[in-house]
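The values are calculated or read from the model by the stated rules, or taken from the named source; none is laboratory data. Keep in mind the model is a prediction, meaning the values are calculated, not measured. Positions of Cβ are generated from backbone atoms using ideal geometry, with glycine treated the same way; all protein chains shown enter the neighbour counts. Heads up: the accessible areas ignore ligands, DNA and RNA and are worked out on the full protein's heavy atoms, side chains in. Shrake-Rupley method; radii C 1.70, N 1.55, O 1.52, S 1.80 Å.
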Amino acid sequence: MDKIEQLMAKYPDINFYFEPMPIKLGGIAIENQVTINSKKSKTEQFQWLLEEIGHVKTSVGDISDYDSLSNMKQEHEARTWGFKQQMTRSQLDKLRKCYAENDYELADDLGIQVDYLHEVGQSYGLHYKHVR
């Protein structure tokens, strides 16, 4: 069982689908249904899966209008929820000590993109040298 299957198994109350979508769209959550863009890499699918499960668990109503401050807050809350399911602050602190200055190797070993690693860290108030 891979990481994606393990994550989905934790949420039997959610229906998961993988379908082709416009490349800019990573996923979408509607009620208890999550659809992930099958055109994305497995790494990106995992990251989007975390966020979309976060929407199922934390968001209320249609938040597709990103001009709304309330919707943007819900978007941020779902993303942060997903980050925190990936790893706790103490796990991240331990890993950062092991990998010292090499965020790229750490992200690779975790099976996530370095930008995603930085977003997880920033959600815990950490700062990185190589953030764009």
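Return the distance in nm (one decimal) between the two label points of a simple spin-label model at H127 and M1, each offset 7 Å from Cα along Cα→Cβ.
4.1
Would you compute, from DSSP H runs of 4+ residues alone, the mean residue ellipticity of the chain at 222 nm, taking -39500 (n - 2.57) per run and dividing by the full residue count, rounded to the nearest 500?
Calculated mean residue ellipticity at 222 nm is -16500 deg cm²/dmol.
Give me the accessible area per residue for the range 32-132, probe 1.4 Å, as a whole number in Å².
Roughly 57 Å² per residue, with all protein chains present.
Which FRET efficiency value, to the nearest 0.05, is calculated for M72 and K97 with the Förster distance at 30 angstrom and r the Cβ-Cβ distance?
Efficiency computed from Cβ-Cβ geometry: 0.30.
Heavy atoms of the protein only, probe of 1.4 Å, neighbouring chains included. What is the accessible area of H118 in Å², nearest 10?
For H118, solvent-accessible area is about 10 Å².
What percent do you get for the relative contact order of the chain when only Cα pairs under 8 Å and 6+ apart count?
Dividing the mean separation by the residue count of the chain yields 17 percent.
Which distance in nm do the two modelled labels at V60 and E105 give, with both placed 7 Å along the Cα-to-Cβ direction?
Each label point is offset 7 Å from its Cα along the Cβ direction, giving 4.7 nm.
As an exercise, use a Förster radius of 22 Å and the Cβ-Cβ distance of D115 and M21 to find the FRET efficiency, rounded to the nearest 0.05.
0.65
Roughly how many Å² of M21 are accessible to a 1.4 Å probe, to the nearest 10?
20
Keeping the other protein chains in place, figure out the carbon and sulfur percent of the accessible area of the range 43-124, with a 1.4 Å probe.
48
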